[in-house]
Amino acid sequence: MRPINKKERLLIVGAGQAGFAAAAKLRALKDDRPLTIIGAEDVLPYQRPPLSKKYLVGDMTFDRLLFRPEQWYADNNVEIRLSTRVEQIRRDEKQVVLQDDTVVDYGTLLLATGSTPRQLPASIGGALSGVYVMREKRDADLLAEAMLPGRRVLIIGGGYIGLEAAAVARHRGLEVTVIEMADRILQRTAAQETADIIRAIHKAHDVEIREKTVLDHLIGKDGYVSAAKLTDGTVIDVDCAIVGIGVVPNDQIARIAGLDVQNGIVVDEFGRTSDPSIFAAGDCASFPWQDGRIRFESVQNAVDQAEAAAEVIGGAGAPYRPKPWFWSDQYDVKLQIAGFNLGYDQTLLRPGSREGAYSVWYFKEGAFVSVDAINDATAYLVGRKMLELGINPHPTVLADPLSDLKQLLRT
Ligand code: FAD
C-alpha cells in the first residue's frame with residue numbers, strides 16, 4: 001500500500017447538506033484520495049428541512065433525517081470528525097487549525113459551513129430564556145420541549161421558517177402570533193398573491209398575523225421571556241418566542257484567511273474561491289448569477305453546487321448553472337417553487353383544478369422566471385419543465401383555468 005500523502009487530503013469543513021453531498025459525489029466519482037469531513041455539530045450529517053416540519057411535529061425520528069448511517073462513512077473510507085470546529089485556515093501551510101489547536105493538512109479544501117440564524121440583540125431581550133432560533137437538531141429539540149399545548153408563542157419574522165414554525169405550533173396546540181416588520185409576510189421571497197393565500201391559510205388555523213409590526217423589546221421575568229412590547233406600544237403576553245429573521249453566511253474563517261468575502265465566500269462558477277486550492281458551496285457561498293452574485297439558502301443549491309464543485313475537484317466538471325427549486329410545508333399545504341423570481345415585474349394567479357390549489361407565475365421583462373405552486377403538483381412540474389426547456393407560456397393562456405398546462409409544454 002502506498003503511504004498516504006497528507007497533502008493529497010480532500011478536506012471538507014462543515015458536515016451538513018453541502019459537505020455530505022460533496023463527499024458522496026467524490027466517492028461516486030471513484031476519487032479515492034483521503035477524505036475527511038469536519039463538523040461542529042455532534043451528529044452525523046442530516047437534512048434540516050424536517051426540523052421545522054415533521055420532526056418538530058414529532059412525526060419523524062432523527063435517524064430518518066440522517067443522509068447515511070455511520071457505516072457508510074467507514075465503507076466509503078470517509079473520515080468524519082464531529083463536535084469539531086475549524087477555527088483557522090493557514091493557507092500558506094495548507095492546514096486548518098481546530099479548536100484544540102491541532103492541525104489538519106489538506107491538498108484541497110471545501111468550505112461548506114452553512115449559515116447561522118440572525119439573533120435578536122441581547123439589548124432587546126434576545127438572551128432571555130424561552131427565546132429560540134431554528135437551525136440545528138438541538139434547536140428543534142429545545143423548541144419541541146417548549147411547545148406545550150396552551151402556551152403562547154410569539155414568532156418574530158413572517159418568512160418560511162417562521163410560518164412553518166407557526167403551523168407546527170398550532171398543530172401542537174399553542175396560541176400563535178406572528179409579527180412581520182415588512183408590509184406583508186414573505187415580502188422578500190414571494191409575490192403578494194402567494195402571501196395572501198398563505199396568510200389566509202394561517203388565519204383559518206387561528207394564527208394571528210400582524211404585518212408592519214415591529215418588536216420593540218422582549219420583556220423578561222426571572223430571566224424568562226414573559227411578554228413582548230411592540231413599537232406601536234402594544235404589549236403581548238407570551239411564554240416563548242421564536243426568532244426567524246433570516247440567516248448570515250458562516251464566512252468568518254474564510255474572511256480571516258484573506259479569501260474574498262462579500263455576503264458569503266466569493267466563488268467562481270466552478271465553486272473556486274480566490275485561492276485555487278479552496279472551494280466553497282452551499283449557504284456560505286456567493287456565486288455569479290446573471291449580472292451579479294447571489295447566495296441561495298436551499299437544499300437544491302447546497303446539493304447541486306457541492307456536487308458541481310466535487311466534479312471540478314475530481315478533475316472534470318462544468319460551470320454550476322443553478323436550476324433553483326424549493327418547498328415549504330405548512331399544515332397540509334405544500335408550497336413548491338421552481339425558478340427564481342428575483343426582479344419579477346409581472347405575476348399571474350392561476351386557480352388549480354381542485355379546491356385549495358393555486359399557482360402564481362412570475363415574469364420578468366416578458367420572460368417566465370418562476371412559479372409558486374400551492375397544493376398544485378402539476379403546476380410545479382410543468383413550470384419546472386418549462387424553465388428547463390426555455391418555454392415562455394403566454395400569460396393569457398395561463399390565466400385561463402381551463403387551459404391544459406401539460407399541453408403548454410408541447411407548444
Ligand atoms: P448546513 O446544512 O447548515 O451545514 C453546515 C454545517 O457546517 C453545520 O453543521 C455547521 O455546524 C458546520 N460548521 C459551520 N462552521 C464550521 C466550522 N468552522 N467548523 C466545523 N463545522 C462548521 N431548504 C429547502 O430547500 N427547503 C426547505 O423546506 C428548507 N427548510 C429548512 C428548514 C430549516 C429549519 C432550516 C434550518 C433550513 C431549511 N432549508 C430548506 C435550508 C437548507 O436546509 C439549507 O439551505 C442547507 O442545509 C444548506 O446546506 P449547507 O451544507 O450549506 O449548510
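Things to note:
- Relative contact order %, the stretch 123-245, counting alpha carbon pairs below 8 Å whose residues are six or more apart: 34 percent
- Taken one residue at a time, the phi angles of the stretch 128-133 give Karplus couplings (6.51, -1.76, 1.60, θ = phi - 60°) of 5, 5, x, 10, 10, 10 Hz. Gly and Pro are set to x.
- Remark: for residue pairs Lys53/Lys212; Lys54/Lys203; Lys229/Lys323, the C-alpha separation exceeds 32 Å in Lys229/Lys323.
- The stretch 123-245 - Debye-derived log10 I(q)/I(0), Cα point model, q = 0.11, 0.15, 0.22 Å⁻¹: -0.33, -0.62, -1.34
- Taking max minus min of the alpha-carbon positions on each principal axis, the chain gives extents of 66, 65, 37 Å, largest first.
- Average silhouette area of the stretch 214-351, convex hull of alpha-carbon atoms, in square nanometres: 13.7 nm²
- Taking amide hydrogens as placed 1.01 Å from N in the peptide plane, the amide H of Ser274 sits under 5 Å from those of Asp260, each at least 5 positions away in sequence or on another chain.
- Relative to the current alpha-carbon distance between Asp268 and Lys334, full extension at 0.36 nm per residue lengthens the span by 20.4 nm.
- Charge dipole (the chain, unit charges on Cβ, about Cα centre) - positive-most of Ala165, Gly314, Ala127: Gly314
- Using the Cβ-Cβ distance between Asp59 and Ala200 with R0 set to 22 Å, the FRET efficiency works out to roughly 0.35.
- For the stretch 123-245, the per residue solvent-accessible surface stands at 43 Å², with DNA, RNA and ligands left out and a 1.4 Å probe.
- For the stretch 195-303, the relative contact order comes to 13 percent (Cα pairs under 8 Å, sequence separation of at least 6).
- Full extension of the chain segment joining Asp216 with Lys229 gains 4.1 nm, where the gain is 0.36 nm per residue of separation less the Cα-Cα distance.
- Per residue, the accessible area of the stretch 332-408 comes to 49 Å² when a 1.4 Å probe rolls over the protein heavy atoms.
- Taking the empirical scaling 2.2 N^0.38 Å for compact globular proteins as reference, the stretch 332-408 has a Cα radius of gyration ratio of 0.98.
- Compared with the direct C-alpha span, the chain from Leu82 to Ser277 gains 67.9 nm at full extension, assuming 0.36 nm per residue.
- Heavy-atom surface of the stretch 52-104, accessible at 1.4 Å and reported per residue (Å²): 62 Å²
- Carbon and sulfur %, accessible surface of the chain computed with the full protein complex present, 1.4 Å: 49 percent
- Residue-by-residue Karplus 3J(HN,Hα) for the stretch 31-41, coefficients 6.51, -1.76, 1.60, Hz, glycine and proline x: 6, 9, 5, x, 10, 10, 10, 10, x, 6, 7
The values are calculated or read from the model by the stated rules, or taken from the named source; none is laboratory data. Note that this is a predicted model, so its numbers are computed, not measured. Every residue, glycine among them, receives a Cβ derived from its backbone with ideal geometry; neighbour counts consider all protein chains shown. Just so you know, the surface numbers come from the protein's heavy atoms only, side chains and all, with ligands and any DNA or RNA stripped out. Shrake-Rupley method; radii C 1.70, N 1.55, O 1.52, S 1.80 Å.
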